[in-house]
Amino acid sequence: MSTTDLFIFCLILPQEESYVYTYAWANRRDVREALHIAEEFGDTEWVQCNETLHFHFDKDAVTSYTPNVMSSVDYHRNFTDKKCRALIYSGDHDMLVPYFSTMKWIGSLNLSVVDDWRPWLVDEQVAGYTMKYSKGEYKLTYATIKGGGHTAPEYKHKECLTMFMRWLANDTVNHEYVGLLLKKSGDEGLSFSTI
């Protein structure tokens, strides 16, 4: 099984089983080499959650490390002058970084809306909502993951993988939704346009 196949396999397993396979995958020598993990960390194993790092958002004291990036918004602002694509997603049940906070900082980038807020589907079920933005040659896709928390792929494997694969294929996240609208329009004599 290839490294990529094993990674995708881990994403479609039930949560508890995926931890075992993810641990095995992340600690493989070929994976560590592909991720350019320095030799000095050769004996350090990947763990699901590193409990030795502590940071308190509401306090001045930092227990284990000094953060040097408090916000990534300026990085994204710099990207808006480049020819690139970005995918930003949020679990709609994320209480640490709520999706509406993400939408607010995306709004601060002053991008044009290309495809307004609409549902995107997996297996003809709403998997979340999406919007597409642009500025020149910069394209940003924002998607929510219905029922996803702060680590959405951990709990919504299929939805996150589908979203990511569609984005990588340079397809709209919501192409299944558009297809359903077009199908319904043929049945009911209505017309829908796509961007």
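Below are the figures for this structure:
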item	result
Complete set of residues in segment 111-126 that are in contact (Cβ under 8 Å) with a residue 40 or more places away in the chain, of a type outside the set (A, V, I, L, M) and outside any loop (DSSP other than H, G, I, E, B)	D115, R118, P119, W120
Among the candidates D115, D81, D123, D74, residue that is at pLDDT below 95 and on the phi > 0 side of the Ramachandran plot	D123
Candidate set from segment 111-163 (those that are of a type in the set (V, I, T) and crowded, with 18+ Cβ neighbours inside 10 Å); member that is nearest to T80 (Cα to Cα)	T141
Test for E51: is it part of a loop (DSSP other than H, G, I, E, B) and at pLDDT below 75	yes
Extreme residue, farthest from L168 (Cα to Cα), among residues of segment 127-138 that are part of a strand (DSSP E or B) and over 15 Å from the mean Cα position of the chain (by Cα)	K135
Matching residues, segment 86-110, being touching a residue at least 60 places away in the same chain (Cβ under 8 Å) and either surrounded by fewer than 16 Cβ atoms within 10 Å (Cβ to Cβ) or hydrophobic (A, V, I, L, M, F, W, C) (or both)	L87
Pair list, Cβ under 8 Å, 6 or more apart: segment 155-166 residue assigned to a helix (DSSP H, G or I), other residue charged (D, E, K, R)	E159/K146
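The values are calculated or read from the model by the stated rules, or taken from the named source; none is laboratory data. Predicted model, so just to flag it, every value in this text is computed and none were measured. A quick note on method: Cβ atoms are made from the backbone with ideal geometry, for glycine too, and the neighbour counts reach across all protein chains shown.
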